[in-house]
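J.: Below is one structure. I have some questions about it.
The numbers here are math on the coordinates, done by the rules we state, and not lab data. Computed from a predicted structure; not experimentally measured. Neighbour counts are summed over all protein chains in view; Cβ atoms, including those assigned to glycine, are modelled from backbone coordinates with ideal geometry.
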Amino acid sequence: MKQLLSILTLCLLLSCSGHSNRFASGSKDWKLFRGDPSLSGYTTTDLPEKPTLLWTYKSEGKTASSPVIDNGTTYWCDKRGHVRGVDINGTLVFEYDLQTAVEATPMIYDSILYVGRIDGFMTAISLAKKDTIWNYETTGQISASPNAMTFEGCEAIVFGSYDNFLYYVDAQNGKELSRFESGYYLNGAAALWKGYAVFGGCDAYVRVIDCRTGVQTDSLLLDAYVPASPAIMDDCCYVGDYSGNIYELALKEGRIIRHNKIITADSENGSFVSVPAVSDEALFVFSGDRNLCSVNRKSGNPNWKYLLKGTVGESAPVVCNDKVIACTKTGIVSIFDADSGELLWEYDTGEQITGSPAIIKDHFMVLTVKGTLFCFGDSER
């Protein structure tokens, strides 16, 4: 177990007070790429009953980002570092140029957009002033979305880097609060749970870090490296390794008290580079190149499997109450009944999709690799 490298400031010694209400579910907000700090990929917001394409916005800037939404305005950053914000009517209302390569999905927290860059900087941008508030430099590229935690008297941005470190940085001024050294690159985001950060890395470990002390409380070596983020619901963490195994980890007081494979890798699974989505009853994952699978969380038995029209790539499903929305790398957006797996709706964007959808009241947004934002809503509203 590797210890904290820097001395924690006073605010990290205070008790964790839970996730900030700045991330509370709202009718016009989707501020993280998986919807909440636990990265569950679950929302109580319903999808439109009869979805139709309302409009598209073509940015002509290639992106690996997922869209995030603040008060109805959708934000993303393209691979050249150009940040855009498009309002609910499809009008461009925000532009900012970082002038450097970006692949990570940004995060919005307290009207500030945080984005990790390939050159190793985490940048905080004021949405109101359209100006950089601070930059924090690491020594490796940042490929995943940051997350955020609220402490008594202190708010911290949490993110990993290819320099092997997980960082805690003051959200207001960008000063380092602490860092934790892992064994290799951190490619996915950290999920936050009851004052702990849970993340996987390219060293094949899943680690649990106490955010009050910055010390690792537990770890688990998987069969292959972890390319993406975990997802947490209640006290269970779900994570996939690159070979195609999907694991369930039971968490208690910062410990992994038991674990098992929900899905075992085989010749048909292929590599796993997505993020699971979790509801109260089921786990939803992409298995193999083309399958969306539902697994009963209590029994571990499969509920259903659906063969998608095209390979899935890096996108991840989202559970919206009784429905599941999924995007394929070949550009197909599909909605399924969460219980039965019945295909309810489908749309071909004609462009590759590697990001995850963002869901708000009466709308959902899908961003393609070419930088086209698709806005879908109910045709009868």
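J.: Which residues' amide hydrogens lie under 5 Å from the amide hydrogen of SER59, considering only partners 5 or more residues apart or on another chain, with H built in the peptide plane?
T.: It is THR372, LEU373, by chain and number.
J.: Hey, can you grab everything whose amide H is under 5 Å from the amide H of ILE262? Only 5+ residues off in sequence or another chain; H modelled, so Pro and N-termini drop out.
T.: Result for ILE262 returns ILE246, TYR247, GLU248.
J.: Please build a GNM for the chain, connecting alpha carbons under 10 Å apart, and tell me which residue among TYR136, TYR196, TYR247 fluctuates the most.
T.: Taking springs between Cα atoms under 10 Å, the residue moving most is TYR136.
J.: Long-range amide H contacts for GLY254: which residues qualify at under 5 Å (H placed 1.01 Å from N, peptide plane, sequence gap of 5 or more or a different chain)?
T.: none
J.: Select one label from [x] 21.0; [y] 20.4; [z] 26.4: the one whose number is Kirkwood radius over Cα pairs in Å as derived from the coordinates shown.
T.: Correct label is [y].
J.: What are the ³J(HN,Hα) values, in whole Hz, obtained from phi via the Karplus relation 6.51 cos²θ - 1.76 cosθ + 1.60 with θ = phi - 60°, for each residue of the range 200-209 in sequence order, with x given for Gly and Pro?
T.: x, x, 6, 8, 6, 9, 9, 10, 10, 10
J.: Please order LEU220, LEU251 by the number of other Cβ within 10 Å, starting at the fewest.
T.: Details: LEU220 16, LEU251 22.
Least to most surrounded, the residues fall as LEU220, LEU251.
J.: With a cut-off of 8 Å between alpha carbons and a minimum separation of six or more residues, what is the relative contact order of the chain in percent?
T.: Computed over the chain, the figure is 17 percent.
J.: Only helical DSSP H runs with n ≥ 4 go in: add -39500 (n - 2.57) per run for the chain, normalise by residue count and round the 222 nm mean residue ellipticity to 500 deg cm²/dmol.
T.: Value at 222 nm, helices only: 0 deg cm²/dmol.
J.: Moving to a separate point now. Under the Karplus relation 6.51 cos²θ - 1.76 cosθ + 1.60, θ = phi - 60°, what is the ordered set of whole-Hz ³J(HN,Hα) values for the range 60-65, x standing for Gly and Pro?
T.: 6, x, 5, 9, 10, 7
J.: Output ³J(HN,Hα) for the range 67-77: one whole-Hz value per residue in order, computed from phi by the Karplus curve 6.51 cos²θ - 1.76 cosθ + 1.60 with θ = phi - 60°, and x for Gly and Pro.
T.: Each residue of the range 67-77 in turn: x, 10, 10, 10, 6, x, 9, 9, 10, 7, 10 Hz.
J.: Only counting other Cβ atoms within 10 Å, I'd like SER178, SER299 sorted with the fewest neighbours first.
T.: Taking fewest neighbouring Cβ atoms as first place, the list is SER299, SER178.
J.: Turning to a different aspect of this structure: May I ask which of LYS309/LYS370; LYS129/LYS323; LYS194/LYS261; LYS194/LYS323; LYS194/LYS370; LYS50/LYS252 have a Cα-Cα span longer than 31 Å here?
T.: Details: LYS309/LYS370 20 Å; LYS129/LYS323 38 Å; LYS194/LYS261 24 Å; LYS194/LYS323 27 Å; LYS194/LYS370 38 Å; LYS50/LYS252 41 Å.
Going by Cα-Cα distance, LYS129/LYS323; LYS194/LYS370; LYS50/LYS252 fall outside the 31 Å limit.
J.: Given springs between every Cα pair under 10 Å in a Gaussian network model of the chain, which of GLY240, GLY288, GLY188 has the largest fluctuation?
T.: Greatest mean-square fluctuation among the candidates belongs to GLY288.
J.: Between ILE257, ILE232, ILE157, find the one with the highest GNM mean-square fluctuation for the chain; connect C-alpha pairs within less than 10 Å.
T.: With Cα springs under 10 Å in the chain, the top fluctuation among ILE257, ILE232, ILE157 is at ILE257.
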